[in-house]
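The values are calculated or read from the model by the stated rules, or taken from the named source; none is laboratory data. Keep in mind it's a predicted model, so treat the numbers as computed, not measured. Neighbour counts run over all protein chains shown; Cβ positions are idealised from the backbone, glycine included. Ligands, DNA and RNA are stripped out before the accessible areas are found, and what is left, the full protein with its side chains, is counted by its heavy atoms. Shrake-Rupley method; radii C 1.70, N 1.55, O 1.52, S 1.80 Å.
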Amino acid sequence: MAELIAFLIEHFHDFDACPPEQDLGELLEEEGFGEQEIGQLLMLVQVLKEESVWQSEAPGGGSMRVYWPEEADWLPNDVRGLLHFLHQAGALNDVQREFVIHALMNLPAEELSADLTKVITLLVLWAQKAELPVLVGDDLMMALHGRAVMQ
């Protein structure tokens, strides 16, 4: 999944420039990505394009996130810690954080990692054209490229 998101962000500098779902699916298939991963990504892209997802009322920035037992069992400690950090650092608002959690809950447990969480976070922020705090953004971009992008 991380490679697919990285491909999408690197090849389409603007979320609005992404081709329609069928064309995007065919393009990703031609690039050699697996059918299951493509399906998961297309689902995320479809939900990201729904404006109603981002219009919902969210509690103020001081809210505390308590994980349901199913979420706590599914999401590794480092993933939950990273989400807390990103929210506290102002990189994710409440609605964005919930989207990332929902996306992670629908992925196979063996794929879940802090790096995948960073890449999904980048996808959400990229889709919304959100600005990142510089240090947080550099750390998130390292998940895409495996190295620092700023000097």
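If you check L28, L44, L48, which single one turns out to be closer than 25 Å to A109 by Cβ, modelled with pLDDT of 90 or more and in contact with a Leu (Cβ under 9 Å, 6 or more places away or on another chain)?
Only one candidate passes the filter, namely L28.
Based on what the data block shows, is F33 crowded, with 16+ Cβ neighbours inside 10 Å and not in a helix (DSSP H, G or I)?
Yes; evaluated as a whole, the condition is true for this residue.
What are the residues in segment 57-74 that are open to solvent by 60 Å² or more (accessible area, probe 1.4 Å) and either at pLDDT below 90 or in a loop (DSSP other than H, G, I, E, B) (or both), if any?
E57, P59, G61, G62, M64, V66, W68
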